[in-house]
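Below is one structure, written out as structure tokens, with a few remarks after it.
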């Protein structure tokens, strides 16, 4: 099997498993009356299965599930811009954080951050890499942003969902460039978890707050992504783009 076919089969299989488990477990959680309570268990089990599968196939490093070289952190500004996006969530003010459901959301952010980075960065960037770096980044970011269109069915306004699609797409650009430059999705996973977990502690944003949040998020993401784009790549023994982080 060629590398492309392997990437395609792996990507489709994990996408299907992730969203199937989410859909089925969400229905059970709704029946129980506690949102995400069963989904957390189902997705953590799936995450363990996926990790074991990738480890058995020696694909952990190939899909970016490895650490970053210690002397590289400073070059990437310690990933601070990615975490700043989460802090911007404070624009809407704190929720009552002493509720059981809030902490269920915080825990759920762990599997969401893991799977979305693995799917949209680790898997899709490898799947599209034959098209070149820029097309791969654009495609993966477009799909990541577009995925949030599903929130229309959760009762959110079209305007709010549109803004979410836009800022998620630009954030996807920054996260994709982080993966390409570091050859690791771990920084992206940690930032994604922080963004979702920290955001769970704040009230739902109104239209005005969503506009402010979206503008700031887009600005941070684009600037950081372009900064990473300009960094001169260093030779490494492995990487999503051959022997260099960027070719």
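Entry note, the chain: relative contact order of 26 percent, from Cα contacts under 8 Å with a spacing of 6+ residues.
Seen against the Cα atoms of the chain and their longest principal axis, helix 3-32 is set at about 10 degrees. If you average the alpha carbon positions of the stretch 79-137 and of the stretch 155-178, how far apart do those two centres end up, in angstrom? Centre-to-centre (Cα) distance: 11 Å. Given axes a ≥ b ≥ c from the Cα gyration tensor, I'd like to know whether the stretch 1-83 is rounded (a/c under 1.5), prolate (a/b larger than b/c) or oblate. Oblate is the answer for the stretch 1-83, as a/c is 1.5 or above yet b/c matches or exceeds a/b. If you fit an axis through the alpha-carbon atoms of helix 158-182 and take the longest principal axis of the Cα set of the chain, what angle between them do you get, 0 to 90°, nearest 10? Around 30 degrees separate the two axes. When the Gaussian network model of the chain links Cα atoms closer than 10 Å, the mean-square fluctuations of 136, 17, 168 top out at 17. Counted over all Cα-Cα pairs of the stretch 69-230, pairs farther apart than 24 Å make up 31 percent. Dividing the summed -39500 (n - 2.57) terms of all DSSP H runs of n ≥ 4 by the residue count of the chain sets its mean residue ellipticity at 222 nm at -22000 deg cm²/dmol. Shape verdict for the stretch 1-151, please, from the Cα gyration tensor: rounded (a/c under 1.5), prolate (a/b greater than b/c) or oblate. Oblate is the answer for the stretch 1-151, as a/c is 1.5 or above yet b/c matches or exceeds a/b. Between 138, 166, 158, the residue with the greatest mean-square fluctuation in the GNM of the chain (Cα pairs under 10 Å linked by springs) is 158. Shape analysis of the stretch 119-196 yields a ratio of the Cα radius of gyration to the Kirkwood radius, Rg/Rh, of 1.01. For the stretch 58-105, the convex hull drawn through the C-alpha positions has a volume of 141 cubic angstrom per residue. To the nearest ten degrees, helix 186-200 and the longest principal axis of the Cα atoms of the chain are 10 degrees apart.
Where a number appears in this text, it was derived from the coordinates with a stated rule and is not lab data. Every value quoted in this text rests on a predicted model; they were computed, and no experiment measured them.
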